[in-house]
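What follows is a single structure, written as structure tokens, with notes after it.
The values are calculated or read from the model by the stated rules, or taken from the named source; none is laboratory data. Treat the numbers as computed from the prediction; the structure is a model and nothing was measured. Positions of Cβ are backbone-derived with ideal geometry, glycine not excepted, and every protein chain shown enters the neighbour counts.
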């Protein structure tokens, strides 16, 4: 095996780790409400699809989404990622995760503790040697009040 | 790229994996109360900070915490760690994780099922080729009775 072949294999392993790190960084920044830093993780022409929360094209629209929609959707959250499945092909990659999230949502009757579960089906691109989101797609499985569960109330009472 | 440079890149990937294994070993050992083996995962002069459960220094301090404080606090737990971000620099490293842990907490009125969530911001050092904790810092987000949730009762003291 040549040095070039070895380097190519090492680069794939490094890229998988970098993509996982990018996804975890996204989570910690969101949970710390650092919205400007979150938007910097996206490529300029990236797309984000958040199911019932809407779809957003371009880094600016995504930044606005985080500052105006996400910041009001919950007052506190911890996003917990599981089951990473990252596939790298050159300067592009795909990554799937499950998310299991504890969140506090404001409501007219007062704050509510919520369990949220869903799946991310994301795409990534390497720009100037750094991985960025080119597509973030989140599909919700349930958003249920802590004391009810997904059978009684799977989507916020809907 | 030289063989030496490739080896250095592989070493970083191996170190990241070793540190993830160290963190997982910590969790599995704590959950089966193999506390001597837990203490062995720490460097001689390591420090552990557990928020309201106190801070402990050195192997003797850590042994006190794991053999006296923990068994008197909980009878069962499953430490689930998520969202790893591990950064290696030579013989030192940092690692962040979320913890999502169901635990049975001892209580005079009867044992209580409790959900614990928090964040580890740890530091590691490589000693004689083996990674050890040099600092374990845990910050609680909630420790809430199963029947209540973090909005009603974020921490047992509140």
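One residue is enough: does region B:57-78 have a residue meeting the conditions under 24 Å from residue A:20 (Cβ atoms) and either in contact with a helix residue (DSSP H, G or I) (Cβ under 7 Å, 6 or more places away or on another chain) or at pLDDT 95 or above (or both)? Within region B:57-78 (the criterion being under 24 Å from residue A:20 (Cβ atoms) and either in contact with a helix residue (DSSP H, G or I) (Cβ under 7 Å, 6 or more places away or on another chain) or at pLDDT 95 or above (or both)), the answer is yes, since at least one residue qualifies. Against the test of being touching a strand residue (DSSP E or B) at 6+ places or on another chain (Cβ under 6 Å), more than 10 Å from chain B (Cβ to nearest Cβ), surrounded by 16 or more Cβ atoms within 10 Å (Cβ to Cβ) and farther than 25 Å from residue A:86 by Cα, the options A:104, A:144 yield a single qualifying residue, A:144. The single condition from (1) away from chain B (no Cβ under 14 Å); (2) in contact (Cβ under 8 Å) with a residue 12 or more places away in the chain that residue A:114 fails is (1).
Of the candidates A:14, A:60, A:18, the single residue that is part of a helix (DSSP H, G or I), more than 10 Å from chain B (Cβ to nearest Cβ) and touching a helix residue (DSSP H, G or I) at 6+ places or on another chain (Cβ under 9 Å) is A:60.
Within region A:45-57, the residues that satisfy the criterion of being touching a residue at least 40 places away in the same chain (Cβ under 8 Å) and either outside any helix (DSSP H, G or I) or within 22 Å of residue A:126 (Cβ to Cβ) (or both) are A:45, A:46, A:47, A:48, A:49, A:50. Here are the criteria: (1) surrounded by fewer than 16 Cβ atoms within 10 Å (Cβ to Cβ); (2) at pLDDT below 95; (3) more than 14 Å from every other protein chain (Cβ to nearest Cβ). Tell me which single one residue A:70 does not satisfy. The one condition residue A:70 does not meet is (1).
Entry remark, region A:124-141: residues being loosely packed, with under 14 Cβ neighbours inside 10 Å and within 25 Å of residue A:61 (Cβ to Cβ) number 4 in total. When residue B:94 is tested against the conditions (1) more than 24 Å from residue B:114 (Cα to Cα); (2) touching a helix residue (DSSP H, G or I) at 6+ places or on another chain (Cβ under 8 Å); (3) part of a strand (DSSP E or B), the lone failure is (2). Filtering region B:15-52 to residues that are under 25 Å from residue B:107 (Cβ atoms), over 13 Å from the mean Cα position of the chain (by Cα) and in contact (Cβ under 8 Å) with a residue 60 or more places away in the chain leaves only B:52. Out of the residues in region A:21-41 that are part of a loop (DSSP other than H, G, I, E, B) and surrounded by fewer than 18 Cβ atoms within 10 Å (Cβ to Cβ), state the one that is farthest from the other protein chains (Cβ to nearest Cβ). Per the stated criteria, the residue is A:40. Selection over region B:141-152 of residues that are buried (at least 17 other Cβ atoms within 10 Å of the Cβ) and more than 10 Å from chain A (Cβ to nearest Cβ) gives a count of 1.
Please indicate, with yes or no, whether at least one residue in region A:91-98 is facing chain B (nearest Cβ under 9 Å) and part of a strand (DSSP E or B).
Looking for residues that are facing chain B (nearest Cβ under 9 Å) and part of a strand (DSSP E or B), one finds none in region A:91-98, hence no.
For region B:106-123, the condition holds for at least one residue, the condition being that it is assigned to a strand (DSSP E or B), more than 14 Å from chain A (Cβ to nearest Cβ), closer than 30 Å to residue A:148 by Cα and without any contact (Cβ under 8 Å) to a residue 60 or more places away in the chain.
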